[in-house]
Amino acid sequence: MNGLSTILIVVGLFLVGGIISFTKQQMPKSLIVLLSIGAAMCLVAGVMRLEVWS
């Protein structure tokens, strides 16, 4: 596992935790959507950088 891919996956999981927390606090939906887009981008980028694909 590459260092950058690990960091991207960890940041993505951290943002997923933020989504869950913001949903429980009933924050605005636009903020939750923006956070979920960022989390998805981090997770996808981290998974795509793994050495498994090449």
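The values are calculated or read from the model by the stated rules, or taken from the named source; none is laboratory data. Keep in mind the model is a prediction, meaning the values are calculated, not measured. Glycine also receives a Cβ, built like all others from the backbone with ideal geometry; neighbour counts cover every protein chain displayed. Surface accessibility is based on the protein's heavy atoms, side chains included, excluding ligands, DNA and RNA. Shrake-Rupley method; radii C 1.70, N 1.55, O 1.52, S 1.80 Å.
Observations
- Selection within the range 10-34 - more than 8 Å from the chain's Cα centre (by Cα), surrounded by 14 or more Cβ atoms within 10 Å (Cβ to Cβ) and not aromatic (Phe, Trp, Tyr): Gly18, Ile19, Met27, Ile32
- Residue tally, condition open to solvent by 100 Å² or more (accessible area, probe 1.4 Å) and among the hydroxyl-bearing types (Ser, Thr, Tyr), over the range 35-54: 1
- Every residue from the range 19-54 that is part of a helix (DSSP H, G or I) and among the basic types (Lys, Arg): Lys24, Lys29
- Any pair with Cβ under 7 angstrom, 6 or more apart, that starts in the range 27-54 at a residue that is closer than 18 Å to Thr6 by Cβ and ends at one that is assigned to a loop (DSSP other than H, G, I, E, B): Arg49/Asn2; Leu50/Met1; Glu51/Asn2
- Test for Ile7: is it open to solvent by 90 Å² or more (accessible area, probe 1.4 Å), part of a helix (DSSP H, G or I) and either of a type in the set (Val, Ile, Thr) or touching a residue at least 40 places away in the same chain (Cβ under 8 Å) (or both): yes
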